[in-house]
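We did not get these values from a lab; they are worked out from the coordinates using the rules stated. Since we're looking at a predicted model, the values are computed, not measured. Cβ atoms come from the backbone with ideal geometry, glycine included; neighbour counts cover every protein chain shown.
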Amino acid sequence: MPVSKKVPAQKSTPPAKIDKTQSVWIYSLFSEYDIDLFLVGKHFRLYEKMGSQLTEVEKTTGTYFAVWAPNALKVSVVGNFNGWNRGTHMLYKRWDASGIWEGFIPDVKKGEVYKYFIKGFDESEHEKGDPYARRWEHPPQTASIVWDTDYTWKDKAWLNKRAKLNALDQPISVYELHLGSWQRDPGNPERVLNCREIAATLVPYVKDMGFTHVELMPVMEYPYFPSWGYQITGYFGASSRYGSPQDLMYLIEALHKADIAVILDWVPSHFPGDRHGLYEFDGTHLYEHADMRKGFHPDWKSYIFNYDRNEVRSFLISNALFWLDQYHADGLRVDAVASMLYFDFSRKDGDSATNEYGGSENLGAIQFLQDLNIAVYGNFEGVQTIAEESSTYPGVTHPVYAGGLGFGMKWMMGWMNDTEKYFKVDPLGRKHHHHQLSFSMTYAFTENFMLPFSHDEVVHGKSPMLYKMPGDDWQKFANLRALYSYMFTHPGAKLLFMGNEFGDTSEWNFTASLNWHLLKYAPHKGMQETVKTLNHLLRKEPALYHFNFSYEGFEWLDADNTNESVFVYMRKGPKAEDTLVIALNLTPVVRENYRIGVPFKTEWVEIFNSDEPKFYGSGILNTGDIVPELQEYNGQKFNISVNLPPLGVTIFKSK
């Protein structure tokens, strides 16, 4: 029956008996308890109810559809199965206050392409993809596909030990990558490989390099490839660019079998205005704020979720749990958290809203993030959430019960910016910027920090990491080896973007493969070997990870040698014998017989030197045992005399 402003929507009531003569059967997967949870923002497994669910009703197979469109006058399912006819398969609006339209359509099978036709309250007409669709057409096509997330997982061994291996007192070294450009088809560089093809080379590479984690840039469906996946339309659908949902599951499983954890980038901060997506979903600002001071992001030209709306919080938290549950993800890196926390983020004065107390904090977003972390950690053992958060908002990684947001880790953006600025300076001038490098230790333990050199640092004219470094070619490589060595010995988890590990000479190009051919050349091979060695050293030495987020794990030995640009510090583990002494010499001058205070009288040995010839260094090493003198130096009872290589980092351990 056609529905207009003058005719109320056709509502469903619990049927005594299903009318099989209808094209859409009145049927529901929702209980009253489900609806109650949804309406108060506490239903976190909506993916089990909403969207298109393959099921059987009274011995008839088909698909149950459910979509939230409270302000619609009419909702129907259109697709190939009915010739995209808007009037043949009308959904029923539930009799309660949920705003959910639903119904069972017999014989609609897996693989069917469909959309929702929605007539808005003002008679406006919209064809929308399914917000809960498990699969979508390959862009630029925009329809949803009836699909499932069935998969016979074989990663139980990993899941059983995940809580231990993915804990904050374990080594965490993350390899961030973009599936569409890590490696392309060698025979056809225009072709993006699917997840199964990528797994064949990615898994052994990451394993050999010693990374503990992989972070995948967004794998959810998105329409515009140059957005890299950060403007999502299909939050529950694995992007068809990389194959089927099961192909992505295969890749994650293969990484798990190699004892590599998988972090997924997740974007609950904003979404694009594509007409088939969430924007004005039922003809109103349903998922986004109606007040564009709160609902529109001026920089990204995208729309901001209305975190004050209970149903939106249920949608987003259900989505987070979906990827942890159905795809066995081990963590979520939450994008652009600062833009969620503040109404005035990237806005001009006078162009932003305020909260009910007159402040700039988005109280709904704060509550959402707290609810998110409570739900994630309460439902899954051994997972982590990581905030990409650039502001000074306090307590991002503090527990919710203590007033924090409840994240496991936070990107240390201040460290990244200060470190890059320091290393860009000509070594002759570094003495004037000395404390730019040591400043991070004044706040290093206020949060659980991850040190990121991410994709954002090698795009948009910022240059590749190698060419941020000053000096001639040899010095550029030496500086970069020193920077990574400093990163791996600084407290906190680590993250490197793909290509950084071998000193790619180009900015990241999302339309092409990395420049793997550079590994034919000794400087790049040496850079890769440096990162590989650092990763394996990180795994081996408890001092480099056990107290990553605690003052117990760090002590300055010399933070003030400004004139020589030398830094010396200790990293400590749970046992005294774990202690490491790290020395940074950040000028191209060899410093012979350099005196360092040490805490123990036992002999010391050099266990890492970024100037090793195999790293393309000059070979200024400390060989053999180093015997300490019983003479106090820099607050320590003993001291050793060592050689510091040019633009180099050395690590010493007592025998």
Original post:
Hey, if you put +1 on the Cβ of every Lys and Arg and -1 on every Asp and Glu Cβ in the chain, which of 500, 654, 200 ends up farthest toward the positive end of that dipole?
Top reply: 200
Subject >> Nonlocal amide H pairs with residue 176, under 5 Å, H built at 1.01 Å >> reply: 215, 496, 497, 498
Original post:
Whole-Hz Karplus ³J(HN,Hα) for the stretch 556-572, in order, using 6.51 cos²θ - 1.76 cosθ + 1.60 and θ = phi - 60°, x for Gly and Pro?
Top reply: 6, 9, 7, 9, 10, 7, 5, 4, 9, 6, 10, 10, 9, 8, 10, 10, 10
Subject >> Cβ-Cβ FRET estimate between residue 354 and residue 310, R0 fixed at 30 Å, reported to 0.05 >> reply: 0.85
Original post:
Mind listing the phi-derived Karplus ³J(HN,Hα) values for the stretch 199-210, rounded to whole Hz, using 6.51, -1.76 and 1.60 with θ = phi - 60°, and x for any glycine or proline?
Top reply: 4, 4, 10, 5, 4, x, 5, 5, 4, 5, 6, x
Original post:
Nearest-5 percent of antiparallel DSSP beta bridges in the stretch 11-145?
Top reply: 95
**OP:** Taking the chain as the reference, fit the longest principal axis to its C-alpha atoms, fit the long axis of helix 522-540 to the helix C-alpha atoms, and give the angle between the two in degrees, 0 to 90, nearest 10.
**Re:** 80
Original post:
Which loop trypsin sites (Lys or Arg not before Pro) in the stretch 90-134, with loop taken from DSSP, have no more than 14 other Cβ atoms within 10 angstrom of their Cβ?
Top reply: 109
Subject >> Cα→Cβ-extended label distance, 7 Å offset, between residue 196 and residue 150, nm >> reply: 1.7
**OP:** Would you pull out the residues with amide H under 5 Å of residue 288's amide H, same chain only if 5 or more places away, H placed 1.01 Å from N?
**Re:** 280, 306
Original post:
Given q = 0.07, 0.09 Å⁻¹, what are the Debye log10 I(q)/I(0) values for the chain, with equal point scatterers placed on the Cα positions and solvent ignored?
Top reply: -0.50, -0.78
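So how much slack lies between residue 398 and residue 88, counting 0.36 nm per residue of separation and subtracting their Cα-Cα distance, in nm?
Numbers: separation 310, 0.36 × 310 = 111.60 nm, distance 5.29 nm.
Computed gain between residue 398 and residue 88 is 106.3 nm.
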**OP:** Take residue 512, project a point 7 Å from its Cα along the Cβ direction, then tell me which residues of the stretch 204-235 have their backbone nitrogen under 17 Å from it.
**Re:** 226
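Please rank 539, 571, fewest neighbouring Cβ atoms within 10 Å first, as an exposure proxy. Kindly include the intermediate steps, with their values, before the conclusion.
Values: 539 16, 571 24.
If I rank by nearby Cβ atoms, fewest first, I get 539, 571.
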Original post:
Expressed as an acute angle from 0 to 90° and rounded to the nearest 10, what is the orientation of the C-alpha long axis of helix 245-257 relative to the principal long axis of the chain?
Top reply: 30
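Would you mind getting the Kirkwood hydrodynamic radius of the stretch 470-531 from its Cα pairs, rounded to one decimal in Å?
Numbers: mean 1/r = 0.0803 Å⁻¹.
Taking every pair of different Cα atoms in the stretch 470-531, averaging 1/r and inverting gives 12.5 Å.
May I ask what percent, to the nearest 5, of DSSP beta bridges between residues of the chain are antiparallel?
Numbers: 71 of 101 bridges.
Of those bridges, close to 70 percent are antiparallel.
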Subject >> Point-to-point label distance, residue 463-residue 634, nm (Cα→Cβ direction, 7 Å offset) >> reply: 3.0
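Kindly flag which residue pairs out of 161/532; 74/115; 110/156; 59/109; 520/614; 540/653 have an alpha-carbon separation exceeding 18 Å in this structure. Let's see the in-between values first.
Details: 161/532 24 Å; 74/115 14 Å; 110/156 28 Å; 59/109 14 Å; 520/614 14 Å; 540/653 12 Å.
Pairs exceeding the cut-off: 161/532; 110/156.
Just how large is the dipole of the chain about the Cα centre, in debye to the nearest 20, putting +1 at every Lys and Arg Cβ and -1 at every Asp and Glu Cβ?
Values: 65 positive and 80 negative charges, 179 e Å.
Charge dipole of the chain: 860 debye, to the nearest 20.
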Original post:
Between residue 417 and residue 473, how many nm apart are label points set 7 Å from Cα along the C-beta direction?
Top reply: 3.5
Original post:
Across 10 Å bins from 0, what is the distribution of all Cα-Cα pair distances for the stretch 11-145, in whole percents?
Top reply: 12, 45, 36, 7, 0
Original post:
Hey, got a sec? Which chymotrypsin sites (Phe, Trp or Tyr not before Pro) in the stretch 518-563 land in a DSSP loop and have at most 15 other Cβ atoms within 10 Å?
Top reply: 521
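What is the extension gain from residue 363 to residue 164, computed as 0.36 nm multiplied by their sequence separation minus the C-alpha to C-alpha distance, in nm to one decimal?
Working: separation 199, 0.36 × 199 = 71.64 nm, distance 3.42 nm.
Computed gain between residue 363 and residue 164 is 68.2 nm.
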Original post:
Quick one: if the Förster radius is 30 Å, what FRET efficiency do residue 424 and residue 550 give, using the C-beta to C-beta distance and rounding to 0.05?
Top reply: 0.45
Subject >> Cα lying deepest toward the dipole's positive end in the chain, options 573, 443, 536, charges on Cβ >> reply: 536
**OP:** Using amide H atoms built 1.01 Å from N in the peptide plane, name the residues 5+ places from residue 236, or on other chains, whose amide H lies under 5 Å from its own.
**Re:** 133
**OP:** Only Lys, Arg, Asp and Glu count, each charged at its Cβ (+1, +1, -1, -1), so figure out the dipole size of the stretch 11-145 about its Cα centre, rounded to 20 debye.
**Re:** 160
Original post:
Tell me, what HN-Hα J-couplings in whole Hz come from the Karplus equation 6.51 cos²θ - 1.76 cosθ + 1.60 at θ = phi - 60° for each residue of the stretch 478-494, using x for Gly and Pro?
Top reply: 5, 4, 5, 4, 5, 4, 5, 5, 4, 4, 6, 9, 7, x, x, 6, 10
Original post:
Along the positive direction of the dipole of the chain (beta-carbon charges: Lys, Arg +1; Asp, Glu -1; about the Cα centre), which of 376, 459, 402 reaches farthest?
Top reply: 376
Original post:
What's the extension gain from residue 301 to residue 109 if we count 0.36 nm per residue and subtract their Cα-Cα distance?
Top reply: 65.4 nm
